[in-house]
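Throughout, read-outs are computed from the coordinates displayed, never taken from laboratory work. No experiment lies behind these values; they were computed from the predicted model shown. Here the Cβ positions follow ideal geometry from the backbone for every residue, glycine too, while neighbour counts run over all protein chains shown.
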Amino acid sequence: MSAHCCGHHREELDGEPLRQAVYRRILWLVLAINAAMFGVEIGAGLAAGSASLQADAVDFLGDAANYAISLFVVGMALRYRATAALLKGLTMAAFGAWVIGVTFWHAWHGTLPQAFTMGAVGSAALLANMLSFGLLWAYREGDANMRSAWICTRNDVLGNLAVLLAALGVFGTGTGWPDVIVAAIMAVLALQGAQAVVNQARSELRTISVQA
């Protein structure tokens, strides 16, 4: 029994550095994907006059920054990883607030976005995020730092699907309201994801304080 337990512990110690190394490589890959898609979507969103594309573009930028933070703290003590996750959660909340502002602006001005551009760029963004989603799937139940990266990507996939629905809605109705509605939904998703990440990060920090 004792030998088995010791052997199991040794396996965990040997496996964790490997897990972190793989996670680090995955983060570099999704960081590159998100940075590239930000450049594509922000240009297309401004050109097409689409609130949902602009919101999705800023989400890509925020995710790229979040993945960079995750890379910095991989392998560090839980206190630093939880603090980084808390920072990322607050960033996600700020993104949600920004999207709400953009949504009101487009609703007030009655902007009519270009449905074709929304559909084409939204499809490319969906493929990029599905790839990132698959790469991060194995880390969805990790600590707050790992989980926050997966939550960001999950929200992005849902947001991309919503952008495609908005493009169909704009094309079918000839109005910008579907685009405005989708942008508002993306803001809610960002705020919900931020709350989940912040809550877990605060819980981990409280646990550390109790143990100290």
Discussion item. No solvent, one uniform scatterer per C-alpha: report log10 I(q)/I(0) for the chain via the Debye equation at q = 0.13, 0.14 1/Å, two decimals.
Written reply: -0.71, -0.79
Worksheet, complete the sentence: Out of Gln20, Gln195, Gln54, a Gaussian network model of the chain with alpha-carbon springs under 10 Å gives the largest mean-square fluctuation to Gln20
Practice prompt. Note down the net charge around Leu86, summing +1 for each Lys or Arg and -1 for each Asp or Glu among other residues with Cβ under 11 Å from its Cβ.
Written response: +3
Worksheet item: Label 7 Å along Cα→Cβ of Thr175; the stretch 97-115 residues with amide nitrogen under 16 Å?
Response: 104, 106-113
Worksheet entry | Cα-centred dipole magnitude for the stretch 55-179, charges only on beta-carbon of K, R (+1) and D, E (-1), debye, nearest 20 | 340 debye
Worksheet item: Rounded to the nearest 0.05, what FRET efficiency is calculated for Arg79 and Trp108 with R0 set to 45 Å and r the Cβ-Cβ distance?
Response: 0.50
Worksheet item: Hey, with R₀ at 45 Å, roughly what FRET efficiency would Ala47 and Val210 work out to, going by the Cβ-Cβ distance, to 0.05?
Response: 0.30
Discussion item. From the alpha carbon gyration tensor of the stretch 22-110, can you work out the equivalent ellipsoid semi-axes (sqrt of 5 times each eigenvalue) and give them in Å, largest to smallest?
Written reply: 29, 16, 5
Worksheet item: Given labels modelled 7 Å from the Cα in the Cβ direction, how far is it in nm from Met130 to Ala32?
Response: 2.1 nm
Worksheet item: Hey, what did the chain get for relative contact order, percent, Cα under 8 Å, at least 6 apart?
Response: 28 percent
Practice prompt. Work out which helices of the chain, taken as complete DSSP H runs, extend at least 18 Å along their axis over the Cα atoms and score a mean Kyte-Doolittle of 0.5 or more, then list them.
Written response: 51-73, 78-109, 115-136, 144-173, 177-211
Fill in: Student exercise, the chain dipole from Lys, Arg, Asp, Glu Cβ charges, in Debye to nearest 20
380 debye
Practice prompt. Estimate the FRET efficiency between Leu161 and Ala21 by the formula 1/(1 + (r/R0)^6), using the beta-carbon distance for r and 30 Å for R0, to the nearest 0.05.
Written response: 0.40
Item to complete: Round to a whole angstrom and tell me the spacing of the C-alpha centers of the stretch 160-175 and the stretch 26-42.
Response: 24 Å
Discussion item. For the stretch 54-162, what does the convex hull of the Cα positions come to per residue, in cubic angstrom?
Written reply: 86 Å³
